[in-house]
Amino acid sequence: MENNVETSEKKLNKNKYKVIIIGGGIAGLSAAYHLTKNGMNDFILLEAKNRLGGRIVQIRMGNERVELGANWIHGVLGNPIYELAMHYGLVDIMQIPKPHKLVASTEKGKQVPFQVLREVYEAYLCFLRRCEEYFISQYLPPDGIDSVGQHIRLEISMYLDKIKDTEDRHLRELLFDCLLKRETCISGCDDMNEIDLLELGTYTELQGGNIVLPGGYSSILKPFCQDIPSENILCEHPVSLIKWNSSNGNDSDDSDKTVIDDTQKSATVSNSSESVLDLLTSIEVTSNNKKWYGDHVICTIPLGVLKHKAKTLFQPQLPEYKLEAIDRLLFGVVDKILLEYDRPFLNPNITEVLLLWEPEKSTNCTKPDLSKTWYKKIYSFSKISETLLLGWISGKEAEYMESLSNDIIINVCTDILRKFLNDPFIPKPKSCICTSWGSQQYTRGSYTAIAVGASQVDIECLAQPLYADESETKPIVLFAGEHTHSNFYSTVHGAYLTGRTAAQAVLTCGIPQEFTLDCDEETTDLSSWIQGICLE
């Protein structure tokens, strides 16, 4: 038997690692980065695509670098991504923000007076803040009001009732509709009626505004790629199966964890190589018809992919509480439309045009014909440069757009700009690039939101590791990604923190829970000190 075990250990040498990280987005890179920084290189990172970064991806379009995914660092104070960018000299602290001049126009090309635009926007922000307060207040919303969309529309209705002039009232109503479409792109949903009202306040907004890096958001990937050994990363390795409990498959139906009984696993040993492998490793991952073995797996697969494959990807199947959480949470589609022109045509003083679409006439048809209405979900076009415009679109309309040819999108967008700017001579763009996050097989959407009926608890359930023993000292399967951070879901810094937390759990595996942390006076990342892992 000893010879059999020795032979199997030799077979496993090339494919046996202490940690297998699935996914090379920011969460997976964060886990690998922090393992490396803490002297642990016994890991392999398997990425399905031919590049790293996940939903952080940059391309060149003309003379500009444009982001197809994440655009901004959301907040400065307490944001580990901002601290990392500062540490590596990626932030231009002398950069002066460009003035942002917004105009709003109707389909007839009539611009809304700025005073009206400002009043409506301030009122809208007030309505949104009141929605956020339900999470921390003792008050309940009115009966039958469950979603953010329902509550805001109730507030809008009361606001508009005070406007006596019919034309002025209609104009303000169009502005509110536009801002709600904008909110779907921020929240990552099809309609704000999908977002749970009582859970909106769970998202923590960091102070400092949205920060743009001079080299683009993708420049944040460089430190990770420099510090993680290249031999520890394999791209174009999609994972098809994760065996994590092949010995007994116990699911804990009445608790929030799942454990493997090690004593049962080691009680009997057969001469088969499968049994020997069970003794030597806890995890078996299949990728490209090749097997990888490890003691821990850190799964950073996006929520959109888990929604499609969670029931078949894991063997045995994930505990029911995790499958239910995956089902309840929302993973919406938000896409970008990038239009490149030969020459500028928009007023140099204008940076963004809000599109005030007239509402569709009500019909008895239950399903709208998206082929005739999809473009009305585009709420604005903004300047990236004088010759590059960016449009945003979300939900079902975004999914439909992904099925269209560039020629159709170019023609539709040209018609929109000519109509709203009241200029029939606006040229067609020379090129158009649209994202397709909904149909990308390794993302299946954009980012996480808490749907009506879901809660912060669902995110916490997704983040819960699966353990090897009742004492919970050895996590076998760990989960990371923006969908597993209960306060920073939908953000890059949320994904980064969950990857770091997973790495910490592996590094402290088997260490007693009560231990003293020494504060590294040289690190400026307080959250790193709290986690017990330093950046350096």
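The values are calculated or read from the model by the stated rules, or taken from the named source; none is laboratory data. Quick caveat: nothing in here was measured; it's all calculated off a predicted structure. Don't worry about glycine lacking a Cβ; one is built from the backbone with ideal geometry, like all the others, and counts go over all protein chains shown. Ligands, DNA and RNA are excluded from the accessible area calculation, which covers all protein heavy atoms including side chains. Shrake-Rupley method; radii C 1.70, N 1.55, O 1.52, S 1.80 Å.
Below are the figures for this structure:
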{"read-out": "Filtered residue count, segment 12-63, keeping only those that are under 19 Å from Ser240 (Cα atoms) and of a type in the set (D, E, K, R)", "value": "4"}
{"read-out": "Residue within segment 433-449 that is without any contact (Cβ under 8 Å) to a residue 40 or more places away in the chain and either open to solvent by less than 50 Å² (accessible area, probe 1.4 Å) or assigned to a helix (DSSP H, G or I) (or both) present", "value": "no"}
{"read-out": "Selection count where residues are assigned to a helix (DSSP H, G or I) and touching a strand residue (DSSP E or B) at 6+ places or on another chain (Cβ under 8 Å), scope segment 450-495", "value": "7"}
{"read-out": "Residue within segment 86-94 that is out of contact with any Phe, Trp or Tyr (no Cβ under 8 Å at 6 or more places or on another chain) and surrounded by 18 or more Cβ atoms within 10 Å (Cβ to Cβ) present", "value": "yes"}
{"read-out": "Yes/no for Phe425 being aromatic (Phe, Trp, Tyr) and farther than 18 Å from Cys189 by Cβ", "value": "yes"}
{"read-out": "Unmet criterion (only one of (1) over 22 Å from Glu324 (Cα atoms); (2) at pLDDT 55 or above; (3) open to solvent by 40 Å² or more (accessible area, probe 1.4 Å); (4) of a type in the set (A, V, I, L, M, F, W, C)) for Ile228", "value": "(3)"}
{"read-out": "Pairs, first modelled with pLDDT under 50 in segment 1-28, second surrounded by 15 or more Cβ atoms within 10 Å (Cβ to Cβ), C-beta under 6 Å, six or more apart", "value": "Asn4/Val276; Val5/Val276; Ser8/Val276; Leu12/Tyr293"}
{"read-out": "From the options Ala104, Ala31, Ala70, residue that is at pLDDT 95 or above, among the aliphatic types (A, V, I, L, M) and assigned to a helix (DSSP H, G or I)", "value": "Ala31"}
{"read-out": "From the options Lys383, Lys396, Lys419, Lys376, residue that is among the basic types (Lys, Arg), open to solvent by 20 Å² or more (accessible area, probe 1.4 Å) and either touching a His at 6+ places or on another chain (Cβ under 8 Å) or closer than 18 Å to His100 by Cβ (or both)", "value": "Lys383"}
{"read-out": "Residues being within 22 Å of Ile416 (Cα to Cα) and among the polar types (S, T, N, Q) - total across segment 315-360", "value": "3"}
{"read-out": "Scan of segment 40-85 for residues that are under 25 Å from Phe488 (Cα atoms) and either in contact with a Cys (Cβ under 6 Å, 6 or more places away or on another chain) or of a type in the set (S, T, N, Q) (or both), ordered by number", "value": "Glu47, Gln58, Asn71, Asn79"}
{"read-out": "Candidates Glu155, Glu122, Glu167, filtered to the one that is assigned to a helix (DSSP H, G or I) and in contact with a helix residue (DSSP H, G or I) (Cβ under 8 Å, 6 or more places away or on another chain)", "value": "Glu155"}
{"read-out": "Check on Leu370, out of contact with any strand residue (DSSP E or B) (no Cβ under 9 Å at 6 or more places or on another chain), of a type in the set (A, V, I, L, M, F, W, C), open to solvent by 20 Å² or more (accessible area, probe 1.4 Å) and within 30 Å of Ala310 (Cβ to Cβ)", "value": "yes"}
{"read-out": "Hits in segment 125-152 - residues which are among the acidic types (Asp, Glu), surrounded by 14 or more Cβ atoms within 10 Å (Cβ to Cβ) and either without any contact (Cβ under 8 Å) to a residue 60 or more places away in the chain or not in a loop (DSSP other than H, G, I, E, B) (or both)", "value": "Glu132"}
{"read-out": "Filter result (exposed (fewer than 14 other Cβ atoms within 10 Å of the Cβ) and within 13 Å of Ile81 (Cβ to Cβ)) within segment 207-221", "value": "Asn210"}
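Let's see how each residue does on (1) more than 25 Å from Lys336 (Cα to Cα); (2) touching a Phe, Trp or Tyr at 6+ places or on another chain (Cβ under 9 Å):
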site: Tyr82; (1), (2): no, no
site: Glu122; (1), (2): yes, no
site: Phe127; (1), (2): yes, yes
site: Glu133; (1), (2): yes, yes
site: Tyr159; (1), (2): yes, yes
